[in-house]
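The values are calculated or read from the model by the stated rules, or taken from the named source; none is laboratory data. Only a predicted model underlies this, so the values are computations on that prediction, with no experimental measurement involved. Neighbour counts run over all protein chains shown; Cβ positions are idealised from the backbone, glycine included.
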Amino acid sequence: MSTAVLVAGGAGYIGSQTCKILAANGFLPVTIDNLSTGHKEAVKWGPLIEVDIRDREAVLKAISDYDIKAAIHFAAFSLVGESTKDPAKYYDNNVAAATAFASHLVEGGVKALVFSSTAATYGVPQTRLIAEDHPKAPINPYGDSKLAFEGALHWLSQAHDLNYVVLRYFNAAGADLEGEVGESHRCETHLIPLICQAALGTGKALTVFGDDYATKDGTPIRDYIHVVDLANAHVEAIRYLLAGGKSDAFNVGTGEGLTVLEVIKAAEAIMGMPVPHSVGPRRDGDPEILVADVSKIRSTFDWSPKYSDAETIIRTAAQWQKTRPY
Ligand SMILES: NC(=O)c1ccc[n+]([C@@H]2O[C@H](COP(=O)([O-])OP(=O)(O)OC[C@H]3O[C@@H](n4cnc5c(N)ncnc54)[C@H](O)[C@@H]3O)[C@@H](O)[C@H]2O)c1
């Protein structure tokens with residue numbers, strides 16, 4: 001019988017891709033999602049339990065019905081701008097609901113939890129490459145809420161029989177290689193889908209926020225990780241915990257960065273169409289460069305990025321944006 005993994009937020013962009021990769025690796029993904037930002041159509045590789053992660057009875061029933069051995073927690077709000085306007089919404093879902101969910105897991109006897117954290121926990125980088133022990137100084141409520149739950153996990157694991165892996169993602173991008181799931185955020189703020197939508201004419205012309213940074217073309221540098229590589233990292237994290245691995249945190253990125261203009265130029269070449277764009281002022285709190293040091297995840301897990309080249313990211317993202325079934 002396949003090992004069942006409870007996937008909170010499995011109807012979302014990264015969660016649905018991870019369910020596909022879990023199933024391909026012999027696990028049964030059991031999604032728990034309230035569909036606040038997710039899509040029912042994205043849940044294809046296991047059951048969907050349509051409830052909030054705070055629902056104690058539902059979480060305990062799922063653990064017992066499916067004999068859940070491990071969980072992955074994707075369920076959160078993740079719009080940086082919204083978090084600065086409505087911080088309470090972020091602390092409520094990303095800390096209070098998450099802590100309730102973790103308590104239900106402990107009560108149900110689940111001993112392994114993988115948590116989606118973010119590069120936003122580091123704040124403004126003090127080094128060119130950001131390693132896991134870089135100081136944590138988030139500059140927005142979103143990053144701070146993620147860091148707060150990392151803290152809660154630490155103390156929960158001290159008090160209970162729970163081991164966890166924190167994965168701090170850099171910029172998730174791209175879509176499923178077979179086009180079965182992809183990025184369909186109702187409020188899209190991510191660069192690559194916005195570029196594809198601008199080129200295809202399904203979205204507005206793109207605004208580049210600042211071209212006076214100290215980078216080769218003046219635009220900020222980010223580390224883009226293909227969502228399939230990200231999903232594979234979760235499977236490795238689950239294997240690591242089920243094999244008795246100790247609680248730890250890992251960056252998930254490529255260790256290399258692209259400027260905004262480089263991404264636009266790559267998209268124009270790959271899609272064979274112009275990306276209408278203009279340059280606007282800098283956005284508050286946008287660091288010049290955010291690139292992961294990925295030596296820890298590479299040396300601990302049997303993992304390295306395979307699909308995170310600009311061509312694969314843009315090709316799969318553009319294909320998804322052309323059809324976008326949900
Ligand atoms: N997309 C990125 O580049 C990125 C980068 C760093 C970290 N992350 C983190 O990865 C996770 C997944 O991101 P995504 O882009 O797939 O987001 P998403 O919005 O597509 O998915 C989140 C899912 O969680 C569900 N959800 C939210 N709150 C819930 C609750 N209280 N109960 C039940 N379900 C709930 C939503 O309905 C949705 O299906 C988030 O935690 C996010 O903070 C994402």
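Given the conditions (1) within 9 Å of the ligand (Cβ to nearest atom); (2) touching a helix residue (DSSP H, G or I) at 6+ places or on another chain (Cβ under 9 Å), which single one is not true for LEU35?
Every condition holds for LEU35 apart from (2).
From the list ALA267, ALA237, ALA243, pick out the single residue that is over 27 Å from TYR122 (Cα atoms) and crowded, with 22+ Cβ neighbours inside 10 Å.
Just a single option satisfies the conditions, and that option is ALA267.
Report, by residue number, each residue of the stretch 166-190 that is more than 17 Å from LYS146 (Cβ to Cβ), within 11 Å of the ligand (Cβ to nearest atom) and either surrounded by 21 or more Cβ atoms within 10 Å (Cβ to Cβ) or among the polar types (S, T, N, Q) (or both).
The answer is ALA173, GLY174, VAL181, GLY182, GLU183, SER184.
Hey, can you tell me all the residues within the stretch 166-202 that are of a type in the set (Gly, Ala, Ser) and out of contact with any Pro (no Cβ under 8 Å at 6 or more places or on another chain)?
Within the stretch 166-202, ALA172, ALA173, GLY174, ALA175, GLY179, GLY182, SER184, GLY201 meet the criteria.
Please go through the stretch 208-224 and pick out each residue that is buried (at least 22 other Cβ atoms within 10 Å of the Cβ) and out of contact with any strand residue (DSSP E or B) (no Cβ under 6 Å at 6 or more places or on another chain).
Correct list: PRO220 only.
Tally up the residues in the stretch 160-175 that are out of contact with any helix residue (DSSP H, G or I) (no Cβ under 6 Å at 6 or more places or on another chain) and more than 28 Å from SER103 (Cβ to Cβ), please.
Count: 1.
Looking only at residues in the stretch 275-326 that are farther than 22 Å from GLU183 by Cβ and in contact with a helix residue (DSSP H, G or I) (Cβ under 8 Å, 6 or more places away or on another chain), which one is surrounded by the most Cβ atoms within 10 Å (Cβ to Cβ)?
ILE297
Being in contact with an Asp or Glu (Cβ under 8 Å, 6 or more places away or on another chain) and either within 24 Å of GLU41 (Cα to Cα) or hydroxyl-bearing (Ser, Thr, Tyr) (or both) narrows it down to one residue among LEU200, LEU261, LEU194, LEU177; which is it?
That would be LEU194, the only listed residue that is in contact with an Asp or Glu (Cβ under 8 Å, 6 or more places away or on another chain) and either within 24 Å of GLU41 (Cα to Cα) or hydroxyl-bearing (Ser, Thr, Tyr) (or both).
Hey, can you tell me all the residues within the stretch 90-114 that are under 17 Å from GLY38 (Cα atoms) and of a type outside the set (Gly, Ala, Ser)?
Passing the criteria: TYR90, ASN93, ASN94.
Report, by residue number, each residue of the stretch 117-126 that is in contact (Cβ under 8 Å) with a residue 24 or more places away in the chain and surrounded by fewer than 18 Cβ atoms within 10 Å (Cβ to Cβ).
Residues satisfying the conditions are VAL124, PRO125.
Any idea which residue in the stretch 10-32 is farthest from ILE225 (Cα to Cα), counting only those that are near the ligand (Cβ under 9 Å from one of its atoms) and not in a helix (DSSP H, G or I)?
ILE32
In the set GLU178, GLU107, GLU150, which member is among the charged types (D, E, K, R), farther than 29 Å from LYS61 by Cβ and at pLDDT 95 or above?
Unique residue meeting the criteria: GLU178.
For the stretch 102-116, give me the residue count where each residue is crowded, with 24+ Cβ neighbours inside 10 Å and within 18 Å of GLY151 (Cβ to Cβ).
So the answer is 6.
Which of the residues that make up the stretch 64-111 are within 16 Å of the chain's Cα centre (by Cα) and among the charged types (D, E, K, R)?
Hits for the stretch 64-111: nothing passes.
Conditions tested, residue by residue: (1) within 14 Å of the ligand (Cβ to nearest atom); (2) farther than 30 Å from THR316 by Cβ; (3) basic (Lys, Arg).
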{"site": "SER83", "(1), (2), (3)": "yes, no, no"}
{"site": "ALA98", "(1), (2), (3)": "yes, no, no"}
{"site": "ALA102", "(1), (2), (3)": "yes, yes, no"}
{"site": "GLY109", "(1), (2), (3)": "no, yes, no"}
{"site": "PRO125", "(1), (2), (3)": "no, no, no"}
{"site": "ARG128", "(1), (2), (3)": "no, no, yes"}
{"site": "ILE139", "(1), (2), (3)": "no, yes, no"}
{"site": "GLN158", "(1), (2), (3)": "no, yes, no"}
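Enumerate the pairs (first residue in the stretch 130-149 and over 16 Å from TYR90 (Cβ atoms); second residue anywhere and β-branched (Val, Ile, Thr)) with beta-carbon separation below 6 Å, excluding pairs fewer than 6 apart on the same chain, so at least 6 apart or on different chains.
LYS136/THR121
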